[in-house]
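Enquirer: I have a structure I would like to understand better, so I am pasting it below and will then ask my questions one at a time.
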Amino acid sequence: MMFDLHGMDERLRTHRDGLPAADFSVFYHLISMDRNRDIMLKVALSENDLNVPTITKLFPNANWYERETWEMFGITFNGHPHLTRLLMPPTWEGHPLRKDYPARATEFDPFELTKAKQDLENGSADLQTRRLGHEA
C-alpha cells in the first residue's frame, strides 16, 4: 500500500555525493503489511520537466497527495483525474513550498481584493464534492 507521497525542492541542496542530479524530487513510501517491509522510492526531476505519471489507478489514496504536491511544488502528475487546488484558495498564484517563492511580505505587491476575486473566494467555501476529488 502507499503510505506517503511528497515532493521536495532540492535546488539549493549542497551535499549531493552519490545522489542523482535533481532540482525537485517526488518520494513514494510504499509498505507491505504482509511482509512487514517498506521502501521509499525517489524520483529525481529536472526543473525543465516537472512531470511524472499519476499512480491514482494503482493507489487511489494518492489522489490528494498528488494534488498537494502539485499545488505546493508545481510538479504535474500526468493523467491525474482532478489535478486542482486542494489547500490554497482558487485565486492563489504560485507554489508556496518552492525555494524561489517569495516568503516575505515585502516581496509581494500590496494585496488587492477585487469584486471578481472576492466572488471566486466566497464560492470556494461551498462544499463541493467534485472539488475534493469525489464524484457527486
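The values are calculated or read from the model by the stated rules, or taken from the named source; none is laboratory data. Not measured: the values here are computed from a predicted model. So basically every Cβ, Gly included, is an ideal-geometry build from the backbone, and we count neighbours across all protein chains shown.
Enquirer: So, residue 84, is that one touching a Leu at 6+ places or on another chain (Cβ under 9 Å), among the hydroxyl-bearing types (Ser, Thr, Tyr) and touching a residue at least 40 places away in the same chain (Cβ under 8 Å) or not?
Expert: Numbers: touching a Leu at 6+ places or on another chain (Cβ under 9 Å): no; among the hydroxyl-bearing types (Ser, Thr, Tyr): yes; touching a residue at least 40 places away in the same chain (Cβ under 8 Å): yes.
Answer is no for this residue.
Enquirer: For the stretch 44-69, how many residues are surrounded by 13 or more Cβ atoms within 10 Å (Cβ to Cβ), over 14 Å from the mean Cα position of the chain (by Cα) and under 13 Å from residue 22 (Cβ atoms)?
Expert: 2
Enquirer: Further, regarding this structure: Looking at the stretch 34-67, which of its residues are touching an Asp or Glu at 6+ places or on another chain (Cβ under 7 Å) and charged (D, E, K, R)?
Expert: Matches in the stretch 34-67: 47 only.
Enquirer: When the stretch 1-58 is examined, which residues are found to be part of a loop (DSSP other than H, G, I, E, B), among the aliphatic types (A, V, I, L, M) and closer than 21 Å to residue 74 by Cα?
Expert: 12, 21, 22, 50, 55
Enquirer: Among the residues of the stretch 61-89, count how many are under 16 Å from residue 29 (Cα atoms) and either out of contact with any strand residue (DSSP E or B) (no Cβ under 9 Å at 6 or more places or on another chain) or in a helix (DSSP H, G or I) (or both).
Expert: 7
Enquirer: Conditions: (1) surrounded by fewer than 16 Cβ atoms within 10 Å (Cβ to Cβ); (2) free of Cβ contacts under 8 Å to residues at least 40 places away in the same chain; (3) closer than 19 Å to residue 8 by Cβ. Residue 25 meets all but one. Number of the miss?
Expert: Exception for residue 25: condition (1).
Enquirer: Say we look at the stretch 74-122 and pick out the residues that are polar (S, T, N, Q) and surrounded by fewer than 14 Cβ atoms within 10 Å (Cβ to Cβ); which of these is modelled with the highest pLDDT?
Expert: Checked the stretch 74-122; the qualifying residue modelled with the highest pLDDT is 78.
Enquirer: Could you tell me which of the residues 74, 94, 79 is touching a Pro at 6+ places or on another chain (Cβ under 9 Å) and in contact (Cβ under 8 Å) with a residue 24 or more places away in the chain?
Expert: Result: 79 is the single residue among 74, 94, 79 that is touching a Pro at 6+ places or on another chain (Cβ under 9 Å) and in contact (Cβ under 8 Å) with a residue 24 or more places away in the chain.
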